[in-house]
Amino acid sequence: EGIYHDHDEL
Amino acid sequence: MNIFRFAGDMTHLISVLVLLLKIYATKSCSGISLKTQELYALVFLSRYLDLFTNYISLYNTLMKLVFIGSSLAIVWCMRMHHAVKRSYDKEVDTFRHYYLVLACFVLATLVNEQFTLREVCWAFSIYLEAVAILPQLVLLQRSGNVDNLTGQYVFFLGAYRAFYILNWIYRYFTEQYFTRWIACIAGIVQTALYADFFYYYFISWKNNAKLQLPA
């Protein structure tokens, strides 16, 4: 979706 | 996952292992700021809230467990372990880090990607990590000489976010959606705070001399 929200980084 | 991100995570892991080695091998935490360790424990606890709800990969979950576990273990050691806590320089580690927590929390409620518990906590952890090293750097400047393991710990801790900045630049040019501006700006501030330490670390490495920070 629009804003990047998965926080796949540490 | 790109090479910069992986290098950053490995550098961060090395810094944690160096600190654990120092405390375990020397049974001493002289030169280490308990306040910075407490701030880092808070950073990981507030950033990895989604540890069990948002599974990304085994690597991601394992690394989160390692960072949370090691930061809590170090705080516990420095507060409870009979031998280690005796070597803690309480009178030198006087940075008022609670103000940092408060300021970062207020900023996180004002500046975040979405006003939800998870995003506010995530922004809080990003801002707090940017300033978490301050008590440690102040302690090093006050205590003057820095032992090797402590110097290496701080060096790797500072280097890891520099790799993350390269990772964000790489992702900016290779992926459509990219709005990690909160992490980017905080990461640049965080790495900049290490600038003078890196300078003196490089000088000591070049002259093969002991790391000395000007008081």
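At full extension, B:ALA103 and B:PHE115 could sit 2.6 nm farther apart than now, given 0.36 nm per residue minus the alpha carbon distance. A crude spin-label estimate for the pair B:HIS81 and B:LEU65, with each label 7 Å from Cα along the Cβ direction, gives 2.2 nm.
Derived from the Cα gyration tensor, the three semi-axes of the equivalent ellipsoid of chain B are 28, 20, 17 Å, largest first.
For chain B, what does the relative contact order come out to in percent, with C-alpha contacts under 8 Å and a separation of six or more?
Value for chain B: 31 percent.
Run through the range B:92-166 and list the trypsin sites (Lys or Arg not before Pro) located in a DSSP loop whose Cβ has at most 12 other Cβ atoms within 10 Å.
Passing both the DSSP loop test and the Cβ count: B:ARG96.
Note on the range B:13-128: Kirkwood radius taken over Cα pairs, Stokes-Einstein applied at 25 °C and 0.890 mPa s, translational D equal to 160 µm² s⁻¹.
Once you have the Kirkwood Rh of the range B:135-214 from its Cα pairs, apply Stokes-Einstein at 20 °C and 1.002 mPa s and quote D in µm²/s.
Estimated via Stokes-Einstein, D reaches 154 µm²/s.
The equivalent ellipsoid of the protein assembly as shown has semi-axes of 29, 20, 17 Å, largest first, where each one is the square root of 5 times an eigenvalue of the Cα gyration tensor.
Using the Cβ-Cβ distance between B:LEU21 and B:LEU45 with R0 = 22 Å, the FRET efficiency computed as 1/(1 + (r/R0)^6) comes to roughly 0.40. Nearest 10 degrees, 0 to 90: what angle lies between the long axis of helix B:58-80 and the longest principal axis of chain B (Cα atoms)? Helix B:58-80 sits at roughly 30 degrees to that axis.
Among B:PHE155, B:PHE115, B:PHE105, sorting on how many other beta-carbon atoms sit within 10 Å of each Cβ, with the fewest leading, yields B:PHE115, B:PHE105, B:PHE155. Using the Cβ-Cβ distance between B:GLN141 and B:PHE52 with R0 set to 35 Å, the FRET efficiency from 1/(1 + (r/R0)^6) comes to roughly 0.30. Per-residue mean of foreign Cβ neighbours for B:111-122 is 1 (Cβ atoms of other chains, 10 Å radius). Spacing of the modelled spin labels on B:TYR199 and B:ALA215, each 7 Å from Cα toward Cβ, amounts to 2.0 nm. For trypsin sites (Lys or Arg not before Pro), the sites in the range B:23-91 that DSSP calls loop and that have at most 16 other Cβ atoms within 10 Å are B:LYS27, B:LYS90. Principal-axis analysis of the Cα atoms of chain B puts helix B:117-131 at an angle of about 40° to the longest axis.
Applying both filters, DSSP loop and at most 14 other Cβ atoms within 10 Å, to the GluC sites (Glu not before Pro) of the range B:48-129 gives B:GLU91.
Laboratory data are not the source of any read-out in this text; all were calculated from the coordinates shown. Just so it is clear, the model here is predicted, and its values are computed rather than measured. Virtual Cβ from ideal backbone geometry, glycine too; neighbours counted across all protein chains shown.
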